[in-house]
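Only the coordinates and a few stated rules stand behind these numbers; no lab work does. The structure displayed is predicted, hence computed values, not measured ones. No Cβ is skipped: glycine too gets one built from the backbone with ideal geometry, and neighbour counts run over all protein chains shown.
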Amino acid sequence: MKIQLNQSTTPFDLESTLSCGQAFRWEKLGGWWYGVVNEEVVKIRQTSEGLEFQTYPETAEADFVRNYFRLDDDLPRILSRINKDGCVGKAVRELYGLRIIRQEPWECLISYICATYKNIPAIQKMILNLSKRFGKKMKFDGYDFYTFPKPSDLVEASVEEIKRCKLGFRSSRVSETSRIIDCGELSLYDVKKFGYGKARCELLTLPGVGEKVADCVLLFSLEKLEAFPVDVWMKRIILESYSSHFEKNFVRQALGKRSVTPSEYGKIGLFGRRHFGEYAGYAQEYLFHYFRRAKN
């Protein structure tokens with residue numbers, strides 16, 4: 001199936017979108033990107049005319065892909081709103097077309113709980129292990145794929161079984177969070193209806209969910225585009241590129257630490273939301289990917 005794209009009105013860069021670190025279940029094989037979205041394998045590539053894609057086992061409509069890649073976002077308007085200075089301006093020019101993905105909230109939540117203190121390859125491995133052990137296997141184009149386990153699947157598993165997926169200390173957090181979601185103590189779809197502040201507070205009640213995990217889940221799956229996740233990378237990017245917006249002592253002390261303290265997170269996150277506005281999350285992703293690529 002094909003989706004025609006007019007890059008002047010609907011700019012999109014599939015490569016940047018899938019390689020910028022926001023989602024962990026995509027792999028490029030033979031010129032095509034393969035990923036599992038909900039319970040469908042998606043095979044997709046970008047051409048000069050737009051997107052070509054195929055889904056398995058069900059044949060999805062174009063709206064399925066449009067929704068997932070947020071092709072309904074008015075990206076030219078969004079980027080014009082966040083393009084407030086030369087620093088983010090470079091990122092926008094270089095990565096024009098990168099879009100925030102609209103991920104499934106449950107998978108996004110567990111993925112980012114797993115992401116704590118881990119790099120992207122390690123996160124991908126943990127999620128694959130969970131899916132292999134507790135998900136459903138699908139074979140497509142000669143490759144094996146796995147659905148992501150439902151909360152009930154993980155509730156039925158012991159912490160030791162989850163730990164065999166190489167989650168380490170995250171195992172008990174994943175287990176308890178699965179129980180809370182499965183029994184309805186907290187509904188991610190109800191959280192989605194709340195404003196940013198209340199939604200964030202609700203997520204922070206879950207085991208394994210700190211400020212960064214909460215902001216990532218809010219940004220990538222719960223429609224809170226003002227969320228501004230801060231990790232060590234973002235701390236350095238912001239404090240080196242926007243140092244004039246902070247006290248000199250704060251910048252000096254913060255840059256001397258390898259972690260992000262709650263105080264640092266609060267100040268940098270607040271700066272991001274105030275400086276870039278309602279689409280701060282887009283600014284965060286553009287800056288993160290631009291500087292991460294420059295370092296590699």
How big is the Rg/Rh ratio for segment 183-256, C-alpha atoms only, Rh by Kirkwood, two decimals?
-> 1.10
If you keep only loop residues by DSSP, which chymotrypsin sites (Phe, Trp or Tyr not before Pro) in segment 42-99 have at most 16 other Cβ atoms within 10 Å of their Cβ?
-> Y96
What is the fewest-to-most order of V37, V92, V65, V232 by other Cβ atoms lying within 10 Å of their Cβ?
-> V232, V65, V92, V37
Of the candidates A91, S259, C108, the farthest towards the positive dipole end of the chain (Lys/Arg Cβ +1, Asp/Glu Cβ -1, centred on the Cα centre) is S259
Yeah, segment 108-174 with a ≥ b ≥ c from its alpha-carbon gyration tensor (a/c under 1.5 is rounded, else prolate when a/b outruns b/c, oblate otherwise) is oblate
Ratio of the Cα radius of gyration of segment 2-72 to 2.2 N^0.38 Å, where N counts its residues | 1.04
Shape category assigned to segment 34-108 from the gyration tensor of Cα positions, a/c cut at 1.5 | prolate
Which order, highest average first, do 138-144, 41-47, 217-223, 54-60 follow once you tally other Cβ atoms within 10 Å for each residue and take the mean per peptide?
-> 217-223, 41-47, 54-60, 138-144
Among rounded, prolate and oblate, which fits the chain when a ≥ b ≥ c are the square roots of the eigenvalues of its C-alpha gyration tensor, a/c under 1.5 means rounded, and a/b larger than b/c means prolate?
-> oblate
Find the relative contact order for segment 1-57 and round it to a whole percent, using C-alpha pairs within less than 8 Å whose residues are 6+ positions apart.
-> 36 percent
For K125, go through the lysines and keep the ones whose alpha-carbon is under 27 Å away, minus same-chain ones fewer than eight residues off.
-> K28, K43, K136, K137, K139, K150, K163, K166, K212, K235, K295
